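> My questions all concern the structure below.
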Amino acid sequence: MSLITSLQWMVRKGFWNGVARAKYRMTRPKNVTTVAVRRSPVTLIPFTESFPAIPVAGIRVAKQVPQDERQAVAEIMMRLFANFCRVWSPMQAGRPDIATNPHQALDEAYSRPHRRAVLRKAAAVRLDPQRMLRTPTMPVELQIPADLGMLALRGPYAGYLRKASHSPDCFEWDIEGLRSYSHHSDLYAPWAHVLFKADPAQASLIPVRIRCELGSVHPRDAHWALATRIAVCAATTHTALVRHWTWTHLIGGEYFSAATRTHLAPDHPLCRLLWPHMVGTHTSNRLATLGQLMPDGDFEAIYSLTYSGLCQLIGKAGQDFNLRSCDPDEDARDRGLLESGLPMQTFWNCRRIFRVFQAHAERYLRLYFADEDIRTDQSIRNWLSELTRLLPNGLGLASAPLTCAALARVVARFMYLASVQHEQLGTQLWNYQLWAHTHPVRVYRDGRRLPEDVYQRLVNSNYVLNVVRAPLLQDYAPLALVETGRPERHPRAEAAFAQLRVDLARLQRKMERKPWAPWTLYPADLEANINA
Ligand SMILES: [Fe+2]
């Protein structure tokens, strides 16, 4: 390799690492407790009208960012970088593979300046040390080879496991849908179907067959390790592009915010309850689209799909969004897991947090509404019917008459989407994707490891995903409505908001009695919403 290409790489890497650090430094936790003074209806338009360079069909986005969310300078900068990326890319063809030792590979890409920026940011915003970005920790299940059985039960991919229909003790990951989208020819196609068998003696899952581009592969076959890598690649590709980006941001987040802003006035009690979990969504989705989904953006550079395959996937996968996946009990029931007897650590973790949200929402709603009021409140009816219309698969509400408890469950699902689901499918990948030796975002046909430009892009993209956002554990009392006709209700609403913090802090303390683990979702780590 010539001295000139090495120098070019040094300059290129230095510049784009500087851009990633600047994004990290410039993002401040949002104030999520100040509600806009006026109602700010959102008109949704086809994605391609907002982003003509990105051929994603079937998804709608806000025509304009609401006034109270606007970040004009940040948007100009993001457009500038998205265009500059095409002129002077962060990628440089011909770079060598990353180091064989995963810790060395990480140290070379996650540089001291990256880490210094984290410390400085934490000091600048007086961040609770518990919430500071830790250096990635390798989960035990990512030692060689990756333990698919454990990955299926805890961590970001736990949501893929479902009961297989043909046998009572068989389970599966079905990530075959990705085979419909074009991928780069030097990479294995990022799709797989994994069949697991329950091992009651060990209370665990054992992968017994992986179907992928290599054919049907079994544990004793020579290609088992390679098939395992392809399966992990399929899971992480689907998680990042579909579950995190398309479902959580573009569908769940965007439509939730649009319906809330359009149908609930700022002084409607339900708006106050939802506000911290949606404010900032439209501007944040816009900025992230410019960084990740433009041609030559992060998604195209990191994952296995071609640009047209990527855009087709996002447009099509949006239709599979189901809000019930944000309701751990309903989701586990849908996947046939409730009575499975498996040690579903992530499910238990998520369910405990969901139940805190559910209790909070119901406690708060009952301050303002009886079941009958819920059914007759025109704003709530409009909000519900708009979301039923917009969300693929609707709200998943039972057809029985609407009650406070049922509405609280819907509210809890949106709170869960914005905090727990976003953490699990987005920021938590920090502890998974950077261990590329067993957790590859691409699997090369010639057996090479990730080239260093792809890995650097992956590190920077995950780094920016972990910017400091508004914490979930905070004081929401300023959201409590002051009503001239009902002055006694204001302190009770403040107390209801305070109780959420008390309950989450109690859960945090309980969880801290066990050793920290990279797959665990702690209330203290969660954010109020998906927005940066
Ligand atoms: Fe995100």
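Since every read-out is calculated from the coordinates, none of them should be taken as a lab result. Please read these numbers as outputs of a predicted model, since none were measured by experiment. Every residue, glycine among them, receives a Cβ derived from its backbone with ideal geometry; neighbour counts consider all protein chains shown.
> If each residue of separation counts as 0.36 nm, what is the full-extension length gain between LEU338 and ASP320 once their alpha-carbon separation is subtracted?
Extra length from LEU338 to ASP320 when fully extended: 4.3 nm.
> So what's the back-of-envelope 222 nm ellipticity for the chain, counting only DSSP H runs of four-plus at -39500 (n - 2.57) apiece and dividing by all residues, rounded to 500?
After summing the helix terms and dividing by the residues of the chain, the value is -13500 deg cm²/dmol.
> Another question about this same structure. What FRET efficiency, computed as 1/(1 + (r/R0)^6) with R0 = 41 Å and r the Cβ-Cβ distance, is obtained for ALA477 and GLU75, rounded to the nearest 0.05?
0.80
> I would also like to ask the following. Taking only Cα atoms, what is the 0 to 90° angle, nearest 10, from helix 404-416's long axis to the longest principal axis of the chain?
30 degrees
> Need the full-extension length gain, ALA222 to HIS103, defined as separation in residues times 0.36 nm minus the C-alpha distance. One decimal, nm.
That pair, ALA222 and HIS103, stretches by 40.1 nm at full extension.
> Straight-line reach only, C-alpha to C-alpha below 17 angstrom: list the lysines that LYS197 could link to, leaving out same-chain residues fewer than 8 apart.
LYS163
> Relative contact order for region 142-242: what percent, with Cα pairs under 8 Å and sequence separation of 6 or more?
Normalised by residue count, the contact order of region 142-242 is 25 percent.
> Here's another thing I want to ask about it. Among 461-471, 118-128, how do they line up from the highest to the lowest mean number of other beta-carbon atoms within 10 Å?
With the highest mean Cβ count within 10 Å placed first, the list reads 461-471, 118-128.
> Using 0.36 nm per residue, how much length does the chain from GLN130 to ASP446 gain when fully extended, once their Cα-Cα distance is taken away?
Value of the extension gain: 109.6 nm.
> Sort 389-398, 311-320, 208-217 for me by packing, meaning the mean count of neighbouring Cβ atoms within 10 Å per residue, highest on top.
311-320, 208-217, 389-398
> Could you give the dipole magnitude of region 165-215 about its Cα centre, charging the beta-carbon of Lys and Arg +1 and that of Asp and Glu -1, in debye to the nearest 20?
60 debye
> Please compute the net charge surrounding GLY149, taking Lys and Arg as +1 and Asp and Glu as -1 over other residues with Cβ under 10 Å from its Cβ.
Cβ neighbours under 10 Å give a net charge of -2.
> Just need the relative contact order of the chain here, percent rounded to a whole number, with Cα pairs under 8 Å and 6+ apart.
24 percent
> Continuing with this model, one more query. Relative to the longest principal axis of the chain, what angle (0 to 90°, nearest 10) does the C-alpha long axis of helix 254-263 take?
Roughly 20 degrees between the two axes.
> Could you check the simple spin-label distance between ARG28 and ASN393, using points 7 Å along Cα→Cβ, in nm with one decimal?
With each label placed 7 Å out from Cα toward Cβ, I get 3.9 nm.
> Sticking with this one: Using only the alpha-carbon atoms, how far is helix 452-465 inclined from the longest principal axis of the chain? Give it as 0 to 90 degrees, nearest 10.
Helix 452-465 and the main axis of the chain meet at about 10 degrees.
> A further question follows. Please give the peptides 31-43, 297-309 ranked by average Cβ packing (other Cβ atoms within 10 Å per residue), highest first, as a rough proxy for protection.
297-309, 31-43
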